[in-house]
Amino acid sequence: MKFITAVVKPQRVATIKDALHEAGVSGITVTEVDGFGRQKGHTEVYRGASVTVDFVQKAKLEILAKDSDAAKIVDVIIAAANTGSIGDGKIWVTSVEEVVRVRTGERGETAI
Amino acid sequence: MTNLQISGADTAWVLASSALVLLMTPALALFYGGLVRTKSTLNMMMMSFSAIGVGTIVWILWGYSLAFGPDTGGGLIGDLSHVGLAQTLDTAVGAEGHQIPTPAFVMFQMTFAIITVALLSGAIADRAKFGAWVVFIAAWITLIYAPIAHWAFASQGGNGGWIIDKLGALDFAGGTVVEINSGAAALALAIVLGRREGFKRDAMRPHNIPFILLGAGLLWFGWFGFNAGSALAAGHLASVAMINTQIATAAAAMSWIAYERIKTGKPTTLGVASGAIAGAVAITPSCGFVTPLGALVIGLGGGVASAYAVSLKYKLNYDDSLDVVGIHGVGGVVGMIGIGLLASKAANSAGGDGLFISGSPDLLFKQVIAATTVAAFSFIGTWLIATVISKTIGFRVSREREMMGLDTVEHAESAYDL
């Protein structure tokens, strides 16, 4: 089993969610996060004074997937999140030892 | 009641104007509250609301009497004959045919004292002890505001305040008393209290710009009472003052963002709100003395002058946190000088003609004297009051408490539960 984490532009979340839904993904977790990557922060001007905002708002998506589905899900996210401009984000995949569905106690891939 | 010829229309207008001007202080609380960081929002707003509370009490006990009681000689200050509002309940003020009950006038002028001291709080955002601020309000209205209000507002048949009755400088609604006074006092306060921790180093973004726009909008609305109400009669002069207020405020909102667009590339919502205030400030002394086109020029000039002036604090290294000097001080000077240049008897036959109308610099000269004297008295007096408070009860919170934010350390509250 795989755990897919994607940090993306907040304004792409709706599109990504729809694409994942269409690809048969049954659940995602979304968190609002702040951070910086190669894009760095941005500058705002208040009454003529420049203010550097170090952290950029991003959305973090987390998805549990079967081993066989992981590569396809990553492709779906790339397609939906890509705007071609700096700050589109990052996706990484890690292995998961165990998944449990709390209600039924099912374990492993059937719990995904 | 003695046999007074009270004008119902004029009284109604002054009563309504008093309510309009009072609204400006909660509006200022929103304007200032939005400009600071979340951790000191409530403290910022509390400084305005406490100005309403303390200002009201001081005004009725002795402030009104010092400002508008019979002159004690020399045009410097009123006497104590109206302490506790004695001899005001059954009397009237105003020109013949336009008399209003004295309590209406007391109320109207009270709202001016309140907003003026509240304005100063912007210079010392995020770092003043609340208790010290309360003491400061009472001391400042008594020692600084009341005398200056007497100088410029207390017309007593040639024997009242020196600016209005002897010098003959023109100040319709408080360019000296409210604007230049608050600007100079703000500078003194900012210097005595010192810079905020992290000034010029940390990003200090306004935390709620919609608050700022709401506050600016309500200030704009209230300013009609401030300026048009200062005619103290519901007639021609109030109407001229109102249209001029609208023109200059709108013009400055646009000239500020035009300046921004050229200087930094983007017109900002904070700029449009700040510009509106700068324009309303600049037209405050002049609204009853200039033509609508004069008001347009003063508004355009006031917006640009203040947009430029707010950057000076970084160069001069004083932390007038919310730009009281740049907006109220500079705007007030623009308005006072604007009268000296653009005043026209076509707008107000009881006013004067400025340099551009009459060719004579007489009025301009008087305006400069009034502006510089008020600025000097206010700066020195405020510096002394703030220094005494600093050395006795302390005016500034500790570094640690400042870092934590004044809302929790001074009031045990947070503005937001997010």
Once you sort the root eigenvalues of the Cα gyration tensor of the stretch B:8-411 as a ≥ b ≥ c, which label holds: rounded (a/c under 1.5), prolate (a/b larger than b/c) or oblate (the other case)? oblate
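Within 15 Å, Cβ to Cβ, of residue A:20, how many net charges do the neighbouring residues add up to if Lys/Arg are +1 and Asp/Glu are -1?
Numbers: positive: A:2, A:12, A:17, A:60, A:66, A:72; negative: A:18, A:22, A:62, A:69, A:75.
That sum, taken over residues with Cβ under 15 Å, equals +1.
Wrap a convex hull around the Cα atoms of the stretch B:258-349, take a quarter of its surface area, and give that in square nanometres.
Working: hull surface 23.7 nm².
Mean projected area for the stretch B:258-349: 5.9 nm², to one decimal.
In debye to the nearest 20, how big a dipole does the stretch B:84-218 give about its Cα centre with +1 on each Lys and Arg Cβ and -1 on each Asp and Glu Cβ? Present the calculation step by step, with values, prior to reporting the outcome.
Values: 8 positive and 8 negative charges, 153 e Å.
Its charge dipole is roughly 740 debye.
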Name the aspartates and glutamates eligible as straight-distance cross-link partners of residue B:266: C-alpha to C-alpha under 12 Å, and not fewer than 8 places from it in the same chain. A:44
In whole angstrom, how far apart do the alpha carbon centroids of the stretch A:40-84 and the stretch B:54-127 sit? 59 Å
If packing is taken as the average number of other Cβ atoms within 10 Å across a peptide's residues, how do B:294-302, B:185-193 rank, most packed first? B:294-302, B:185-193
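Step through the table entries B:166/B:391; A:9/A:72; A:40/B:263; B:200/B:391; B:200/B:263, compare each Cα-Cα distance with 29 Å, and write down the pairs that go over it. Before the final figure, lay out the partial values.
Values: B:166/B:391 38 Å; A:9/A:72 20 Å; A:40/B:263 24 Å; B:200/B:391 27 Å; B:200/B:263 20 Å.
As for pairs spanning more than 29 Å Cα to Cα, those are B:166/B:391.
In peptide A:48-57, how many Cβ atoms from other protein chains are near each Cβ within 10 Å, on average? If you can, show how the numbers build up before the last one.
Numbers: counts 17, 9, 2, 5, 1, 2, 1, 0, 0, 0.
Per-residue shielding by partner chains comes out at 4.
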Let me know the longest stretch in chain B that avoids all GluC sites (Glu not before Pro) found in a DSSP loop with at most 15 other C-beta atoms within 10 Å. B:198-412
For the protein assembly as shown, the charge dipole (Cβ of Lys, Arg +1; Cβ of Asp, Glu -1; about the Cα centre) points to a positive end, and the Cα of B:412, B:274, A:89 closest to that extreme belongs to A:89
Burial-style ranking of B:104-115, A:77-88, average other-beta-carbon count within 10 Å with highest first, yields B:104-115, A:77-88
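Read the figures in this text as sums done on the coordinates, not as results from a lab. For clarity, every value in this text was computed on a predicted model and none was experimentally measured. All Cβ positions, glycine included, derive from the backbone under ideal geometry; neighbour counts span all protein chains shown.
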